[in-house]
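Reading through the C-alpha cells given below for one structure.
Only the coordinates and a few stated rules stand behind these numbers; no lab work does. From a predicted model like this one, the values you see are computed outputs, not experimental measurements. Virtual Cβ from ideal backbone geometry, glycine too; neighbours counted across all protein chains shown.
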Amino acid sequence: MSVIIILVIVGIVVASLFLIGFIWAVKSGQYEDMYSPSVRILFDDYKESANNDDGDMLADNNIPENKYKNDKISNQ
Amino acid sequence: MSCVHCGEDCGKHPVMWEDKPFCCNGCSTVYQILNENKLQKYYDIQPMSGIKVEQADVGNKYSYIDNKEIQDQLLDFSDGGISKVTLFIPSIHCASCIWLLENLYIMHKGIIASSVNFPKKTVNITFNDNIVTLRQVVELLVSIHYIPEITLDHLEKKESGKSEKSLLLKIGISGFSFMNVMLYNFPEYLPGGDELSSMFTRFFGIMSFILALPVVIYCAKDYYLSAFKGLKHKMINIDVPITLGIITLFIQSSYEVITGDGIGYMDSLIGLIFFLLIGKWYQGKTYSALSFERDYKSYFPVAVTKINDGKEETVPLSELRVPDRILIRNQEIIPADSILITGEANIDYSFVTGESIPVTKKSGDNIFAGGRQMGSSIEIEVVKEVEQSYLTQLWNQENKKDNKVQLNTLINKVSEYFTVIILLIALVSAVYWMFNDPKLALFAFTSVLIIACPCALALTVPFTFGSTMRQFGRKGFYIKNTDVIENLRGINSIIFDKTGTITINSTMKAQFIGKELDDEQLSIVKSLASNSSHPLSATVKDSIKNRNTFIVENYREFPSLGISGVVNGKRVNMGSCKFVTGKDDPNPESTNVYVFIDDKVHGYFKIENSYRPGLKSVINKLKKVYQLFLLSGDNQAEKKNLSPLFGSESNLLFNQSPADKMKFVEERKKKGEKVLMIGDGLNDAGALIESDVGLTIADDIYSFSPACDGIIESSRFKQLPEFIRFTNTSILIVIISFIISFLYNFVGLYFAVQGNLSPIIAAILMPISSVSVVAFATFSINYLAGRLIPDF
C-alpha cells in the first residue's frame, strides 16, 4: 500500500511542472493576446513567398479564406 | 466598383492605377507603397480591408517626436542603437493588419521586428536607431494609414496589466492545489473510507495542509483586505462572511489534521477560493482597447511649437507656461486658453460643443482650449496654464468619481443581513449544544460558519453581471464595469445632450425656402458649393442630387461670410444673410445659407440638424418610466420640434454652458434623483462625471470620447430603452440566484446545527451549489438577452 505514497509524490511533481509552465506562460505575457497568435501561425514566411514570385499566387490560394473572415472579434 | 484598398464605393471617376480602381489618391498611394515592397499579400489575406484616410499630408506634424524628452517618454527601452516602442493604433482591425504590421521590417531596413497585440490594438516595434529615427517609424506607419495615437495619456501610464496577471497566477495556483487535495480527500468519501489506515489519513492530511497554505495565504488575500476595509468603514460587505468562512474552515481543518482526528475540509476550502477567483476573473474581463477614463491628456497634443524670439521650438506640453507664444497649424488643437495674436483663426469646436460650424476669431479674441484650428497657421499667447484652462478644469473632476464608493449595492445589503443571521444561528446552536452535549458545541458553531460560507452567493453577482456585460458588448453597448448595471437600474431621470447625441453631427438637412429653383439654378448652386469644404457648403451640395455641375470661374472664399464665383456665365454669391443681402438675418433662430444668382436673392437654405433614427420611439418608451430632460448648448431653434416629443417645454433647456450642464445634474441629484446623463462631447464631460451613470454615444468606439461609464455605438442608440430595461432583468436573475443559494444553505445548516456535518456533505454541497447557481445565472442571462434585446 505504501506505493500510494510514491504515486502521490510523483503526481505532485508532475502537476508542479505544469504549474510552473503555467506561471511562466502568464509571466511571459502569453495570455495578453489570445487572438493574434491564432492568425499569425497561418501566415507564410515572407522570404519563401518572395522567392517564387509567380508560384506565390498558388500559395495564397491555399489559405482558407474563411479563417480570416471574422474581423469583428469581441473586444475582450 | 469598390476601392481595392478600402472597399468603399469609388463613384463615377475612380482613381486608376495598374487597372485597379481606387476611391481616392490616398488609397492608391498606399497600394503603390505596398506594391513596391512586394507586400500585395495584404490584399489577399482579407480583401479590401485597408484604412481610408482622407488627409494624408503629414508635413511637419510629427516633428515633435524628434524632441529628446518626448522620445524618452515614448520609448520602452533604448540601448546601444536598439530601441523599442509600443504604439497604440486604433485602426487595427483584422488579420491583414497583423500581417502587414508584423512585416514592417520589409519596408524599412532599420526596423528589426514588430509584433501586434490585437485586443489592445498596439504594435511593439524594435528598431535600430542608427538607421531610422522614431519619427521616421511613426511616419512610415502614417504613410500606410496606420496612424498611431500619441497622446500625453499614453506617455504617462505604461503597462497596467499587472493585476490581471496576478489574478491568473492565483487561479493557477489554487487550481493546482484544488485538484491534488481533492484526490487526497477522495478515499475518505468512498464506502469503507473510515477504515483507511491512520498513516494514510495523516499523510493525506499533512499534504493537503501544505497545499492549502499558499492558497489561503496568497490566493485569497484580496478577500481579507476587502473585508477589513469594509469593516473599517463600518459596513459588512460580502467579503466579511467569506473571510469568516475561509478562516473557520482553515482553523478547523488544521486542528483536525494536527491532532490526527481526520482530514478536514481542505478540499472544500480550496475549491471555494478557486471558484471565487474564477468569478472575479469572469467579472473583471473588460474591453482592453476601450478607454473609459480618458481625461484631457488623451485629447491634447503631446508637444507644441513655441515661438521664442522669432524662432520655432518644439516643447513638451508640460513645459508650456503663461505667457508663452505658440504656433498652431492647420488641424492642430488649442492646448490652453489663450489670446489670438496674429493669423486668421477659424476654430472648429465640434468636439467641445457639438457645433459643427467653425467659429472665426479676430486678433485679440479669447480662444478656449479644445478647439481645432482649420486653415492657415495662427499665433496665440497662452493666458492660462493647461491644467487651469476652462474645459480642463471641468474635466479634471475625475477624482470625484473615483472616490465614490459603492455603498448600497444589492449584494452588500444582502450580505449584511446574511452575516448577522448566520452568526446568530451559529451562536444559538452553540448555546443549545452547550447544555445538551458540550463536546459538540464548538463543532456546531464552526460547522454553521463553514457551510454558510456564501460561495454561491458571492458567485451570483460576478456571473450574472459579467454575462450581462458581455451580452451588452456583443450588441454594441460597452460598459466600464459591472457596477454600471446596478447603477443604471436605479436611475429615475435621464438627461440628454442635444447636438451629437440626439442629432447627428455629420449629417444635416438643407431645406430651401423661397421660390423653387429651376434645374439650371440648382446645378449652379451645386457647382459653387462643391468648391468649398465648409460643412455648410457640403450640406447644401449633398441636398442637391442628380444634377450636373458647371465649371466655376473667379471662385473666392470669404471666411465666415460665404463664397462667390461665376458659374455658367452668371454671378453667384452664397453665404450668410449679411454677406449676400447686406442686412441682418430676419430668421436668426436657424442657420441659413442665402443664395444670390444674377442680381437677385432667390431665397435661402435652412440648415437643420437631423435626428438620430429611432429617436421618437426611444423617447416615447423612456418617457413612460423616467423623467426626461434635454440640455443643449445651442440656441432655441429646435425647441418647436422637440417639445412635442419630450412632452413639456419646461424640461428643455437651451443655451447651457458646460458648467451649467454640470450644475443641472448636481441639482437633480440633490433632489434625490438618480441621474443618467447621455452625451457625446467635451462639453458634457463635467455632467457625465457628475451624474450617477454617464453614457456617451460614439460612431467609432475607439475614437476619443470623454470619461464615462459606458459607450454605446450610435447605430444601437435605438435600443437604449431595451438596454436600460434589461438591467432590471439582470437584478431579477441575481435575486432568483440568491434564493437558490439560500436553499442550499438551509440544507447545509440543517446538518450543521445538529452537529453532524461531515466533510463529505461540505464537499458535495459547496461545489454543487456554486456550479448550479453559476449555470443558472449565465444561461438565463444569455437566453434572455437574446430574447429581450433583439439584433435588429
| message | Neighbour counts of other C-beta atoms within 10 Å: give me B:747, B:30 arranged from fewest to most. | response | B:747, B:30
| field | Around residue B:221: net Lys/Arg minus Asp/Glu count, Cβ-Cβ under 13 Å | value | +1
| Total formal charge among the other residues, if their Cβ is under 14 angstrom from that of residue B:667, Lys/Arg +1 and Asp/Glu -1 | +2
| Helix-derived mean residue ellipticity, 222 nm - over chain B, DSSP H n ≥ 4, -39500 (n - 2.57), to 500 | -14500 deg cm²/dmol
| request: First obtain the Kirkwood hydrodynamic radius of the range B:300-394 from its Cα pairs, then insert it into the Stokes-Einstein equation at 25 °C and 0.890 mPa s, and state the resulting D in µm² per second as a whole number. | output: 189
| In angstroms, what radius of gyration and Dmax does the protein assembly as shown have, counting Cα atoms only? | 32.8, 113
| Most exposed first by the Cβ proxy, i.e. fewest other Cβ within 10 Å, how do B:97, B:708 rank? | B:97, B:708
| Too long at a 26 Å Cα-Cα cut-off: which of B:121/B:280; B:475/B:671; B:475/B:509; A:27/B:120? | B:475/B:671; B:475/B:509
| remark: Counting as exposed only trypsin sites (Lys or Arg not before Pro) in DSSP loop states with no more than 12 other Cβ atoms inside 10 Å, the longest exposed-site-free span of chain B is B:672-792
| query | Cross-link partners among lysines for residue B:515, C-alpha distance below 22 Å, same-chain residues fewer than 8 apart left out? | reply | B:526, B:541, B:545, B:570, B:578, B:583, B:600, B:606
| message | For chain B, give me the percentage of DSSP beta bridges that are antiparallel, rounded to the nearest 5 percent. | response | 80
| Of B:84/B:311; B:624/B:661; B:285/B:663; B:68/B:361, which ones are farther than 30 Å apart at the Cα? | B:84/B:311; B:285/B:663; B:68/B:361
| query | Based on the alpha carbon coordinates of chain B, what radius of gyration and maximum Cα-Cα distance (Dmax) apply, in Å? | reply | 32.6, 113
| note | Output field shielding_mean for B:163-171 (other chain Cβ, 10 Å radius) holds 3
